[in-house]
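Encoded as structure tokens, the structure appears first; notes follow it.
Only the coordinates and a few stated rules stand behind these numbers; no lab work does. All of these numbers come straight from a predicted model, not from anything done at the bench. Ideal geometry is used to build each Cβ from the backbone, glycine not excepted, and the neighbour counts take in all protein chains shown.
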């Protein structure tokens with residue numbers, strides 16, 4: 001990790017290893033394709049062996065109360081931001097425009113403000129981001145991730161609107 005000075009502004013520059021991210025995703029049961037950009041690491045994830053959809057559900061739906069109470073991660077449905085992380089999520093869509101139930105795209109931001117803190121007020125380091133990523137991928141397959149609000153991210157499981 002480096003501290004980048006741009007005039008009066010400071011940024012934390014994470015030096016994420018694409019091979020390590022690939023290894024983490026494979027440990028969590030995903031096939032992966034990574035594009036390592038200057039400011040963002042883009043990751044296409046596919047749970048090819050999984051029969052059920054990924055556990056990305058509508059947090060506002062009362063039928064999902066059991067999942068909601070177990071969640072570690074929540075997604076802002078308007079922006080795709082995974083709350084209190086440097087991760088954004090997006091649905092992958094089929095040719096008809098419907099979300100593919102076992103595939104998502106993640107973007108991990110490499111440039112963060114120096115006061116950015118993860119849950120528990122942890123300072124950001126590459127190792128902590130790798131741990132958060134692994135836990136997030138485990139949540140997508142085992143525990144559930146809540147989508148809060150309608151917008152760019154659509155739920156993949158639970159009661160899914162037919163207009164997707």
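Worth a mention:
- Segment 6-25 and segment 75-91 have Cα centres lying 17 Å from one another.
- Crossing angle, helix 126-138 versus the chain [Cα axis fit, 0-90 degrees, rounded to tens]: 0
- Pairwise inverse Cα distances across the chain, averaged and inverted, put the Kirkwood hydrodynamic radius at 16.4 Å.
- GNM remark for the chain: springs join alpha carbons under 10 Å apart, and the peak mean-square fluctuation among 115, 135, 91 falls on 115.
- Net length available on complete extension from residue 148 to residue 22 is 42.6 nm, with 0.36 nm assigned per residue and the Cα-Cα distance removed.
- Each of 145, 3, 152, 124 was scored by other Cβ atoms within 10 Å of its Cβ. Listed from fewest to most, they are 3, 152, 124, 145.
- Taking other Cβ atoms within 10 Å as a rough exposure proxy, 136, 116, 57 sort from fewest to most as 116, 136, 57.
- Cα long-axis angle, helix 18-27 against the chain (0 to 90 degrees, to the nearest 10): 30
- Projected label distance in nm at residue 31 and residue 9, using a 7 Å step from Cα toward the beta-carbon: 3.9
- With helices as the sole contributors, the chain gives -5000 deg cm²/dmol at 222 nm; each DSSP H run of n ≥ 4 counts as -39500 (n - 2.57), and the sum is divided by every residue.
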